[in-house]
Amino acid sequence: MNRSFPALARLHARRYPLMAPQDFGKLAYQSEFGPGHMVSDPALALERLLTECRGLTPDCLHRPPEPIGGGLCRFHLEPAHLSQEGLLPLVSLLFTATACRHTGTRAGLDERLESLLALDIPGYPAWLRDYRAEDCPALHHSEAFRSAYHPHYRVLERDYVNFLFVLLAIWPLARGGRPAVVAIDGRCGSGKTSLAALIAALFPCNVFHMDDFFLPPALRTPERLSQPGGNVDRERMLAEVLLPLSRGEDMTFRPFDCHAGRLRPPVSVPFRPLTVVEGSYALHPDLAPQYDLKLFLTCSREEQRRRLLEREGPEGLIPFLEKWIPLEERYFDALRPEEESDLTVDTTGFFQDPESL
């Protein structure tokens, strides 16, 4: 458990000053175990979600998603969600996926509960003794909390909520039954690979990485490298992946080995209706007409540097600052893929400490 869980609980207490010891316990329980105890039947989960939303009053307050720790957040329901086509079925799917993916331990719950003693919550030590004597069951909000704040929410993985409207755009393509290709371009460190992995975990699909389509050394002529985005083998991406996809065919492609500087042996990939192509230069104009949904991810320069430093280390950061980022920015400035995308997502506030608000 991150040491900042008590600080997160303190922020919740400021937002909800009528929180009782039971509500702090519920926060700890949800943070550790997620919603797994609430999902046994996905169809029933959707039915309950729809019923709950229909019962909301028009004056229901808008509340942004609230992180609760453990990489989770509370996604608050609103009457307006009923009018957003496909949103509630998607939320129910994400709720079920969160329940399946997120597991906790009794030891983790005990650590969170114990950490709350530092907050000096009135009545909490006695409540905690009684709760432990009951073997720490799942909790409801207190009557005081329900009366004052009318909580209506679902606990979802935070990254699902971060990318909620991206997933909402992808979902019809995933269920459409015809070949569909989603492209994710954007700045290095902006979360392209993470988003592709998130999509692949939710929807049956193939994922191709533009890193596998760097230009082989024999093709790196001065004329080619002078082109914005010229350092990727877009011809090979078209011939080996995108054109076979458009015909509903299986694919065989040769990934580029960046360390060895050569193509690896061919890899066969069976056709699937949904395909994701992720990586810088994915939205090059030579490739863009092949896509059904074009996404562009970005983040601030400061956050980009922080993420790359964390991912690559001090020495690994240098090539990005001196070579890869300048090449990307030249491509962005010259070909404007962000302006041609269907959705642009600024991920600067994503992927932060899951215990922080």
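The values are calculated or read from the model by the stated rules, or taken from the named source; none is laboratory data. This structure is a prediction, so every number in the text was calculated from the model and none was measured. Note that we place each Cβ from the backbone using ideal geometry, even for glycine, and neighbour counts take in every protein chain shown. Note: accessible area is taken over every heavy atom of the protein model, side chains too, but ligands, DNA and RNA are not part of it. Shrake-Rupley method; radii C 1.70, N 1.55, O 1.52, S 1.80 Å.
Odds and ends about this structure:
- Contacts under 9 angstrom Cβ, first residue in segment 266-284 being without any contact (Cβ under 8 Å) to a residue 24 or more places away in the chain, partner open to solvent by 20 Å² or more (accessible area, probe 1.4 Å) and of a type in the set (Lys, Arg), 6 or more apart: 266/254; 267/254
- Residues (under 18 Å from residue 102 (Cα atoms) and open to solvent by less than 40 Å² (accessible area, probe 1.4 Å)) located in segment 28-61: 28, 29, 30, 31, 32, 34, 35, 36, 39, 45
- Residues satisfying the stated conditions in segment 306-319, i.e. over 18 Å from residue 211 (Cα atoms) and either of a type in the set (Phe, Trp, Tyr) or under 20 Å from the mean Cα position of the chain (by Cα) (or both): 306, 307, 310
- Residues of segment 268-278 satisfying the condition of being open to solvent by less than 60 Å² (accessible area, probe 1.4 Å) and assigned to a strand (DSSP E or B): 269, 274, 275, 276, 277, 278
- Residue 247 meets the conditions (1) touching a strand residue (DSSP E or B) at 6+ places or on another chain (Cβ under 8 Å); (2) open to solvent by 80 Å² or more (accessible area, probe 1.4 Å); (3) among the charged types (D, E, K, R) in every case but one. The failed one is (1).
- In summary, helices (runs of 4 or more DSSP H) completely within segment 83-151 and bearing 2 or more residues that are polar (S, T, N, Q) and either touching a residue at least 40 places away in the same chain (Cβ under 8 Å) or under 30 Å from residue 47 (Cβ atoms) (or both) occur at 87-101.
- Taking segment 186-232 as the range and being in contact with a Gly (Cβ under 6 Å, 6 or more places away or on another chain), within 20 Å of residue 296 (Cα to Cα) and open to solvent by less than 40 Å² (accessible area, probe 1.4 Å) as the test, the residues that pass are 192, 210.
- Every condition in (1) part of a helix (DSSP H, G or I); (2) open to solvent by 40 Å² or more (accessible area, probe 1.4 Å) is met by residue 64 except one, and the failing one is (1).
- Lone qualifier among 354, 337 - being modelled with pLDDT of 95 or more and surrounded by 19 or more Cβ atoms within 10 Å (Cβ to Cβ): 337
- Failed condition for residue 281, given (1) part of a helix (DSSP H, G or I); (2) under 28 Å from the mean Cα position of the chain (by Cα): (1)
- Given (1) among the basic types (Lys, Arg); (2) out of contact with any Gly (no Cβ under 6 Å at 6 or more places or on another chain); (3) open to solvent by less than 60 Å² (accessible area, probe 1.4 Å), index of the condition residue 307 fails: (2)
- Residue in segment 11-25 that is among the acidic types (Asp, Glu), farther than 17 Å from residue 158 by Cβ and over 25 Å from the mean Cα position of the chain (by Cα) present: yes
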